[in-house]
Amino acid sequence: MAVFNIPASDGQKAVRYSTKQMGEGGNIRVRFPDSAEVHRVIENGSIEVDGGVTLTLSEEAIEKLKETAKNADKQTEQNAKAHWAEFNGAVGDQQAKGMEMQADAEAKMLEIARRISKGGIVPAKDEQALAEYNIDMYQMAKQMGFMAKEHEKYKKSLMEENEEMAEGVKEAGERVDEIAGEGYTAQRVEMEISTGGGEPAVVDISTAEVTVGVIPR
């Protein structure tokens, strides 16, 4: 397989594509990595194959390529939009769970402070969490707790529930990364040209999907 990178010259744009001899019949398969390269070939009106031979594309071939490139562009755009929609949905879910966890954590801090101020004995994990969240709130709750007459003991830590929510946020973030890594599919264009028995003629133009566009976070 020969790979060509024709530099820009005489006002024409650079073109990247590869060619492959398909057998003794004289057909050549030309593969373009994406439809953007097809548009450049259309502008140039010709391609170069093995041996430095330049093949001028007929008007019919150019029209076929134009239609194929148009369809490939449309399909690629649809794939990209669908991918972005899924990605943005996953990001929204992650953000919603994060906000829910934050609100829940704040509510739990208030409940832990209430329990301590009433003389309650809370798990060490909860007491530490309140001290880290707001040291003034913690000290005030402890002072009020010393004066309380009842000392209810709480066995289950409220922070354990918060850890479960944190795991949900983590999983949502992993899903965002997963979708970002998947990318979306773009249409690659291939063209088969018959070079035997007269003028070069395009005998087949087709498209194939190839994954592109990984989105960094």
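Results for (1) modelled with pLDDT under 90; (2) not charged (D, E, K, R), shown as yes or no for each residue.
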{"position": "48", "(1), (2)": "yes, no"}
{"position": "51", "(1), (2)": "yes, yes"}
{"position": "63", "(1), (2)": "yes, no"}
{"position": "74", "(1), (2)": "yes, no"}
{"position": "77", "(1), (2)": "yes, no"}
{"position": "92", "(1), (2)": "no, yes"}
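When region 63-109 is filtered for residues that are more than 21 Å from the chain's Cα centre (by Cα) and not assigned by TED's automatic domain parsing to the domain that holds residue 127, the ones remaining, listed by number, are 63, 64, 65, 66, 67, 68, 69, 70, 71. Residues in region 43-74 that are touching a residue at least 12 places away in the same chain (Cβ under 8 Å), over 17 Å from residue 194 (Cα atoms) and surrounded by fewer than 16 Cβ atoms within 10 Å (Cβ to Cβ): 43, 66, 71. Can you name every residue in region 122-137 that is of a type in the set (Val, Ile, Thr) and buried (at least 20 other Cβ atoms within 10 Å of the Cβ)? Scanning region 122-137 gives a single hit, 122.
In the set (1) free of Cβ contacts under 8 Å to residues at least 60 places away in the same chain; (2) surrounded by 14 or more Cβ atoms within 10 Å (Cβ to Cβ); (3) in a helix (DSSP H, G or I), the condition left unmet by residue 119 is number (3).
Remark: pairs (first residue in region 184-198, modelled with pLDDT of 75 or more; second residue acidic (Asp, Glu) and in a strand (DSSP E or B); Cβ separation under 7 Å; 6+ apart in sequence or on different chains) = 185/209; 187/209; 192/204.
The values are calculated or read from the model by the stated rules, or taken from the named source; none is laboratory data. What you see is a predicted model; the values in this text were computed from it and never measured. Glycine also receives a Cβ, built like all others from the backbone with ideal geometry; neighbour counts cover every protein chain displayed.
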